[in-house]
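Novice: This is the structure I have questions about; it appears just below.
The values are calculated or read from the model by the stated rules, or taken from the named source; none is laboratory data. Not measured: the values here are computed from a predicted model. Every residue, glycine among them, receives a Cβ derived from its backbone with ideal geometry; neighbour counts consider all protein chains shown. Only protein heavy atoms, including side chains, enter the accessible area calculation; ligands, DNA and RNA are left aside. Shrake-Rupley method; radii C 1.70, N 1.55, O 1.52, S 1.80 Å.
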Amino acid sequence: MKRSVFCLAASFFVATTACSGNSAPTANTTGASTTTAPTVRDRWNTVKNRGQLICGVSGEVPGFSFVGTDGKYSGIDVDVCRAVASALFDNPDAVEFRNLNAKERFTALQTGEVDILSRNTTWTLSRATSVGLAFAPVVFYDGQAIMVRKNSGIKSLTDLKDKAICVQTGTTTEQNLADQMRKRNITYKPVVFEDVNITFATYAEGRCDAITADRSALVSRGALLPKPEDNLILDEAISSEPLAPAVAKGDTKWSDTVSWVIYALLKGEELGINSQNIGQFANSNDPDIKRFLGTEGKLGEGLGLTNDFAARVIKHVGNYAEVYDRNLGPKTKLNLARGQNQLWTKGGLLYSPPFR
Amino acid sequence: MTKPPFWRDQRFWYIAGQLIAVFVVAIVVTILLSNLSRNLQQLGLQFGFDFLNQQASFDIGETVVSYQPSDTYSRALWVGLVNSLRIAITGIILTTIVGVFAGVARLSDNWLVRNIALIYVEIFRNTPLLLQLLFWYFAVFLTFPKTENKISIWGLVGFSQNGIQLPWFTLSPEFSTLLLGLTLYTGAFITEIVRGGIQSVSRGQWEAARSLGLKPVLIMRLVIFPQALRVIIPPLTSQYLNLTKNSSLAIAVGYPDLYFVASTTFNQTGKAVEVMLLLTLTYLILSLTISLVMNWFNRTVQIKER
């Protein structure tokens, strides 16, 4: 009896060391204890069976994702999740939002706590590889910028020599700032916080001479400062920040679904179909429109969706232009010009592959 | 006489118990590790510490040792560790001073002194440390005037939004906040430990010392306190450990300690498991070192029975 116990214990230790070895891919062959795991990730079915999408957002950046005084979420990141829910369930409200800070977001996605991360996240190579994210198309092209107080006399990056700059950690901004200053040989003092509210509050208190973040975030959070008009955003752009939703790598069906829902928003605008006029296109003879709305062909089936998934998205959430105007456009406090976030047909960067 | 069956033998159960414990631990560890490796595999992630040699490319605001963004992640983590040690060591020294003084004050014959110490303890022991840190940062250090119109005391100490300027060096508002916050918070607990320790020394010791004609200060220093130390040191060790671990709240007030740098590293490399392992190990080593030193100190004050 004793001997068998020893044998078992020993075999477990062997399995343990083998599992903890450096390269994981072959670890499953070592012992009886590790064979029961499901080997295929199936986020698509998980979401479909749950009947609800779990969406990771920031909840703290007006125009992107923000909880209003009525307790409702709004913003372009939020609408992306509503669009996915519309495509899956024909119901834009079948979404549960989870607020995640910059540091929590990737782990939440990796561990499956959220199905999709729609949280003004910059698409970078290392995030796509070593962090294990599968990015959907860019929903907002941004760039990092610097905000200073008008009376500080700071006009450009070079004026920031030996100044204190407030930064939020866990973002690409921290590295971009270091890169730019290193390139120009400017010494500065980063004052770094984890919490976006504390970062801006510290700048507001005057501890920092400048604050850096994505331009859109500076506009959006800057509007919440005690005296917004006393601040200005420098023209110099520090970096390009393509903001895109992401899902965990390894489930192509799921990442395809999210991607094509976003393309549907763009294609809707390109075709001139919005939530108000979509009814008029029901009898359209244009084959492009027919395929898009699902009255011809079987495009949705390829994603496991209904063929009219794009029509559902437009009906419930609107096309990209509607989403943009509702959250960031001239009628909002932010009033951000479309700029590079214009369709390619109008000189912008947004482009949808063909729906065929 | 026949030998009793082996399951009636106590020695058998001693060994079997140990084996069962090992067995259970092995199973749990195996399950955890296989779960981890399976999840990493599914995400296409590789376990490894190679990232430590990569360029960190983020800047750190406050460094004692030299550091540039072009240095490696391991260098950045080292900078964080040194910053943590700086806070822990100065914090432990200051909080001991605060705790001992307030602890003695709690037993003072002077009504005012006694009650000030009491209020101090109750306020600082009964509010969350994070709240206290944010209070010191936003309500105290950031309300100091701009650098141009700093408050100066005899030209020696200057107070401004850039921190506390001493003749030789400047303490940043972030460092000052953390140091003050940790010192006062932990000091409140040490106050109670010191008070308890002093009260544990029997009345007879006071009376005996007084009958020798010693003054109160000398009674405390030569007779009471050395005996109280026997009771004080073990719980004091826990408070030192708490202070060291609580220093990781630095992240809330922007002081780049080890935890802070580690979480930035984790965020940029995505190496959650590896960074958490390093962090856990480092704090474990720090805590064990403090315990070791304090245990040695504890032995020196215990009664030596000859």
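Novice: I'd like the residue in the stretch B:140-182 that is among the hydroxyl-bearing types (Ser, Thr, Tyr) and at pLDDT 90 or above and, out of all such residues, is surrounded by the most Cβ atoms within 10 Å (Cβ to Cβ).
Specialist: Here the answer is B:177.
Novice: Right, residue A:56: open to solvent by less than 70 Å² (accessible area, probe 1.4 Å), among the small types (Gly, Ala, Ser), part of a strand (DSSP E or B) and modelled with pLDDT of 50 or more or not?
Specialist: yes
Novice: Suppose we filter B:118, B:218, B:184 for residues that are in contact (Cβ under 8 Å) with a residue 40 or more places away in the chain and out of contact with any strand residue (DSSP E or B) (no Cβ under 6 Å at 6 or more places or on another chain); which single one remains?
Specialist: So the residue among B:118, B:218, B:184 that is in contact (Cβ under 8 Å) with a residue 40 or more places away in the chain and out of contact with any strand residue (DSSP E or B) (no Cβ under 6 Å at 6 or more places or on another chain) is B:184.
Novice: Counting only residues that are open to solvent by 10 Å² or more (accessible area, probe 1.4 Å), without any contact (Cβ under 8 Å) to a residue 40 or more places away in the chain and not in a helix (DSSP H, G or I), how many does the stretch A:115-164 have?
Specialist: Here the count works out to 5.
Novice: If I ask for residues that are within 21 Å of residue B:268 (Cα to Cα), part of a loop (DSSP other than H, G, I, E, B) and not polar (S, T, N, Q), which ones from the stretch A:71-114 would you list?
Specialist: Passing the criteria: A:100, A:102, A:103, A:104, A:112, A:113, A:114.
Table: residues versus (1) at pLDDT below 90; (2) away from chain A (no Cβ under 14 Å); (3) open to solvent by 60 Å² or more (accessible area, probe 1.4 Å).
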{"site": "B:203", "(1), (2), (3)": "no, yes, yes"}
{"site": "B:229", "(1), (2), (3)": "no, yes, no"}
{"site": "B:261", "(1), (2), (3)": "no, no, no"}
{"site": "B:272", "(1), (2), (3)": "yes, no, no"}
{"site": "B:288", "(1), (2), (3)": "no, yes, yes"}
{"site": "B:303", "(1), (2), (3)": "yes, yes, yes"}
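Novice: Which one is nearest to the chain's Cα centre (by Cα) among residues in the stretch A:78-121 that are of a type in the set (Gly, Ala, Ser) and within 27 Å of residue A:143 (Cβ to Cβ)?
Specialist: Among them, the one singled out is A:118.
Novice: When both residues are 6+ apart or on different chains and their Cβ atoms are under 6 Å apart, which pairs have a first residue that lies in the stretch B:75-95 and is over 19 Å from residue B:57 (Cβ atoms), and a second that is surrounded by fewer than 19 Cβ atoms within 10 Å (Cβ to Cβ) and not acidic (Asp, Glu)?
Specialist: Close Cβ pairs satisfying both conditions: B:82/B:64; B:82/B:65.
Novice: For the stretch B:38-53, give me each residue that is under 14 Å from residue B:277 (Cβ atoms) and of a type in the set (Gly, Ala, Ser).
Specialist: Selection gives B:48 alone.
Novice: Follow-up. Of all residues in the stretch A:145-203 being of a type in the set (Gly, Ala, Ser) and more than 30 Å from residue A:59 (Cα to Cα), which is nearest to the other protein chains (Cβ to nearest Cβ)? Outline the logic, then answer.
Specialist: Keep residues of the stretch A:145-203 that are of a type in the set (Gly, Ala, Ser), which gives A:145, A:152-153, A:156, A:164, A:170, A:178, A:201.
Cutting the leftovers down to more than 30 Å from residue A:59 (Cα to Cα) gives us A:152-153, A:156.
Working: A:152: 11, A:153: 13, A:156: 19 Å.
Across the stretch A:145-203, the extreme among qualifying residues is A:152.
Novice: Quick one: count up the residues across the stretch A:297-356 that are in contact with an Asp or Glu (Cβ under 6 Å, 6 or more places away or on another chain) and assigned to a loop (DSSP other than H, G, I, E, B).
Specialist: So the answer is 1.
Novice: Further, regarding this structure: Could you tell me which residue of the stretch A:105-114 is nearest to residue A:198 (Cα to Cα), considering only residues that are within 10 Å of chain B (Cβ to nearest Cβ) and touching a residue at least 12 places away in the same chain (Cβ under 8 Å)?
Specialist: So the first thing to find is which residues in the stretch A:105-114 are within 10 Å of chain B (Cβ to nearest Cβ), and the list is A:105-107, A:109-112.
Narrowing the set further to residues that are touching a residue at least 12 places away in the same chain (Cβ under 8 Å) leaves A:105-106, A:109-110, A:112.
Details: A:105: 18, A:106: 21, A:109: 25, A:110: 27, A:112: 28 Å.
Here the residue is A:105.
Novice: Another one. Every residue in the stretch B:55-67 that is among the polar types (S, T, N, Q) and surrounded by 15 or more Cβ atoms within 10 Å (Cβ to Cβ), please. Reasoning before the result, please.
Specialist: Restricting attention to the stretch B:55-67, the residues satisfying the condition of being among the polar types (S, T, N, Q) are B:55, B:57, B:63, B:66.
B:57, B:63, listed by residue number.
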